[in-house]
Amino acid sequence: MTLIDLCAIIKNDITKSANRRLIESGAVQINNEKIINPNELILLEKETKIKIGKRNFYELQ
């Protein structure tokens with residue numbers, strides 16, 4: 001799954017283009033690693049920590 005699709009599923013209240021801008025500006029982290037490529041493939045594993053923006057934290061179960 002690409003990072004832009006994952007963010008669109010998690011944050012379904014904002015558009016994909018807004019999610020893309022967040023990713024490209026460096027506001028998205030996967031396991032404390034900043035990712036700026038919206039088309040990067042993400043492996044969905046248990047206990048993966050996702051941070052979108054300043055205050056939105058998620059963990060895959």
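Each reported figure results from applying straightforward, stated rules to the coordinates on display, with no laboratory input. Please read all numbers here as calculations on a predicted model, not as lab measurements. Every residue, glycine among them, receives a Cβ derived from its backbone with ideal geometry; neighbour counts consider all protein chains shown.
Worth a mention:
- Reported label for calculated P(r) over Cα pairs in 10 Å bins from 0, in percent given [x] 24, 65, 11; [y] 21, 44, 22, 10, 3, 0; [z] 20, 31, 26, 17, 6, 0: [x]
- Between Lys49 and Thr15, full extension at 0.36 nm per residue minus the direct alpha carbon distance yields a gain of 10.1 nm.
- Only the Cβ atoms of Lys and Arg (+1) and of Asp and Glu (-1) were treated as charged; on that basis the dipole of the chain about its Cα centre amounts to roughly 280 debye.
- Charge dipole of the chain about the Cα centre (unit charges at C-beta), most positive-ward option of Ile36, Ile9, Ser25: Ser25
- Nitroxide proxy distance, nm - points 7 Å out along Cα→Cβ at Ile30 and Glu59: 1.9 nm
- Among the trypsin sites (Lys or Arg not before Pro) in the chain, those placed in a DSSP loop whose Cβ has at most 11 other Cβ atoms within 10 Å are Lys46, Lys54, Arg55.
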